[in-house]
Amino acid sequence: MTNSAVQEEFLRSFHALRPAVTAEAFGRGRGPDGRSSYELLRDRVTGHRRVLDLGCGDGLLLELLARDDGRELAGVDLSPRSLALARRRPALRAARLHTGRAQELPFAEGSFDACVSHLALMLMGDIEQVAAEVARVLVPGGVLACVVGGGAVGGEAYERFVRLLRRAGEENPARIPALGDKRVRSREGLDEVLRPVGFGGVEWETVPIDIGGTLEQVWESMSGLYDLAPMAEQAVARLRQDFLAEVADLVTPDGIVPCGFKVHLASARLARAV
C-alpha cells in the first residue's frame, strides 16, 4: 500500500467515527475581528460564483459560501459519513458533493472560478497531483485559497496540550501515519508546489484564532486531534486528567480557559491565458 493510500485509509476511518470533528473543534473559533477561520476563507473568494471545496467535510464552509445567492458549489471529501452530514444542510441541496480524492477530481477542465480548502490541503499526499488537478479544474485567473494550521499560541491551553500529547506519545508506541506534505505548511513550500502548474506567487497571512471556552469545551476540541486516534481508552483518560490539571491555573473567574492556535490564510491565482 502506498503512503498516500495509508494516509487516506486512516482519514476515512477517523472521520467515520467523528464525521464533523473539524467543524466541531474549530467552527466556534474567532479571529481578532470576530470572524471564524471558515469565514475568513469564505471572504477570500468573495465575488467568485463557481467554487469547489476540497476536503469539504460536513459542509460548514460550503454553507457559508451558499449565503451568496447564485453560487454554483461543489465539494469533494474522502469521508462518506462527513458528506452525508453535508447533504443534510438545506443550503446545499443544489451543491455537487462527491466522495473522492483531490488527486482525481470528477470535474471538467475549467469548471470553477475558485477552489477553497479548510485545514485539508495540508493533509493530502501526492500534493503535486493535487495542485495539477486544481489547476485543471480552475479557469485561467481562478483562485486557490486555503487555511493551513500554524500551531499554538504561546502560553495558552493548546500549547500545554501539545506538550502533554508529546509526552503521552513517548509512552504509547502507536502512531498515526505521517499526513500530507510539510511544504504546504509554509509560504515558500506552497509556492514551490503551485508554481510548476501555473500559479502565481502565494499570498500569506497568519491569524490567531481563539477557541477558548469552558474546560469541557476546550478538552472536546483538543480530543478531536488525529494524534489521539491510536491511543488506548485508558491513555486518553489519563491525558484528559493531566490536561485538566495542567490548565487549571489558566481558568478565568468566569470559567473560561484561554486557548488559541494560529492559522495561515494562503491564496494564489492561476495565470491567465496569453
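The values are calculated or read from the model by the stated rules, or taken from the named source; none is laboratory data. The shown structure was predicted, so the numbers you read here are calculated from the model rather than taken from an experiment. When we count neighbours, we look across all protein chains shown, and the Cβ atoms used for this are built from the backbone with ideal geometry, even at glycine.
Structural remarks
- The residues on offer are Val207, Val218, and the sole one that is of a type outside the set (Asp, Glu), part of a helix (DSSP H, G or I) and at negative phi is Val218.
- Exclusive hit being touching a Phe, Trp or Tyr at 6+ places or on another chain (Cβ under 8 Å) and either part of a loop (DSSP other than H, G, I, E, B) or among the β-branched types (Val, Ile, Thr) (or both), set Val76, Val51, Val6: Val51
- Qualifying residue in the range 76-96 (condition: under 24 Å from Leu270 (Cβ atoms), buried (at least 19 other Cβ atoms within 10 Å of the Cβ), within 19 Å of the chain's Cα centre (by Cα) and of a type in the set (D, E, K, R)): yes
- Hits in the range 1-26 - residues which are surrounded by fewer than 17 Cβ atoms within 10 Å (Cβ to Cβ) and small (Gly, Ala, Ser): Ala5, Ser13, Ala16
- Arg42 passes every criterion in (1) surrounded by 15 or more Cβ atoms within 10 Å (Cβ to Cβ); (2) of a type in the set (Lys, Arg); (3) farther than 15 Å from Val147 by Cα; (4) out of contact with any Ser or Thr (no Cβ under 8 Å at 6 or more places or on another chain) apart from (3).
- The residue that is surrounded by the most Cβ atoms within 10 Å (Cβ to Cβ), among those in the range 218-239 that are without any contact (Cβ under 8 Å) to a residue 24 or more places away in the chain and either touching a strand residue (DSSP E or B) at 6+ places or on another chain (Cβ under 9 Å) or of a type in the set (Gly, Ala, Ser) (or both), is Ser223.
- Evaluation of Asp242 against (1) assigned to a helix (DSSP H, G or I); (2) buried (at least 19 other Cβ atoms within 10 Å of the Cβ) (one fails), failing number: (2)
- Only listed residue being of a type in the set (A, V, I, L, M) and under 16 Å from the mean Cα position of the chain (by Cα), chosen from Val162, Val130: Val130
- Residue check, Arg136 among the basic types (Lys, Arg), modelled with pLDDT of 95 or more and within 25 Å of Asp181 (Cα to Cα): yes
- Taken over the range 209-231, residues that are within 19 Å of the chain's Cα centre (by Cα), charged (D, E, K, R) and within 15 Å of Glu246 (Cα to Cα) amount to 0.
- Residue that is nearest to His15 (Cα to Cα), among those in the range 54-73 that are aliphatic (A, V, I, L, M) and part of a strand (DSSP E or B): Leu54
- Gly169 falls short of the stated requirement of being within 30 Å of Ile256 (Cβ to Cβ), of a type outside the set (Asp, Glu), surrounded by 15 or more Cβ atoms within 10 Å (Cβ to Cβ) and in contact with a Cys (Cβ under 9 Å, 6 or more places away or on another chain).
- Val202 among the β-branched types (Val, Ile, Thr) and under 21 Å from Leu54 (Cα atoms): yes
- Test: Arg67 is under 20 Å from Ala94 (Cα atoms), basic (Lys, Arg) and without any contact (Cβ under 8 Å) to a residue 60 or more places away in the chain: yes
- Count of residues meeting criterion [in a helix (DSSP H, G or I) and touching an Asp or Glu at 6+ places or on another chain (Cβ under 9 Å)] in the range 131-144: 3
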